[in-house]
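This report refers to the structure that appears directly beneath it.
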Amino acid sequence: MLNAEIAFMRHKETEAFIGCVMGFIVILTGFVIGFLNANLGFVNLALMGGGFILMVISFISSQYYSGKVKTLMRNYSNLPEAVALNTASAPPTSNVCPICHHPLSFIEQNQTWYCFNCVYGSDK
């Protein structure tokens, strides 16, 4: 579940980066049109302005998703320290998660069983 979130955020981060590159290409196209033909001044300015706006929006989006990925990775790497037994559910009778049927991991620090797929065994 957490891996799917990280993959989704990485995908969005890549889309935003591609948007930045496309914005840069549009700006360059505007410069080339302005250089080759001075009569298309409005088209030139529209392309450069649109490319600049696309680049800025994509850059902000890229930074947002990059921050989300870093936060998820930080939480994922610190997961065993944050694991605590969920007192609302009974302890498992086998090494298989009773919710998603994936293998459980025993966290020795807390003496609890934990599922990294569906977060069984945590307070969340």
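Below are the figures for this structure:
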| read-out | value |
| --- | --- |
| Candidates Val43, Val69, filtered to the one that is in contact with a helix residue (DSSP H, G or I) (Cβ under 9 Å, 6 or more places away or on another chain) and either at pLDDT below 75 or closer than 30 Å to Gly121 by Cα (or both) | Val69 |
| Subset tally (residues that are surrounded by 14 or more Cβ atoms within 10 Å (Cβ to Cβ), over 29 Å from the mean Cα position of the chain (by Cα) and at pLDDT below 75) for the range 78-124 | 1 |
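The values are calculated or read from the model by the stated rules, or taken from the named source; none is laboratory data. It should be emphasised that the depicted structure is a prediction, and the values quoted were computed from it without experimental measurement. Reconstructed Cβ throughout: ideal geometry from the backbone, glycine too, with neighbour counts over all protein chains shown.
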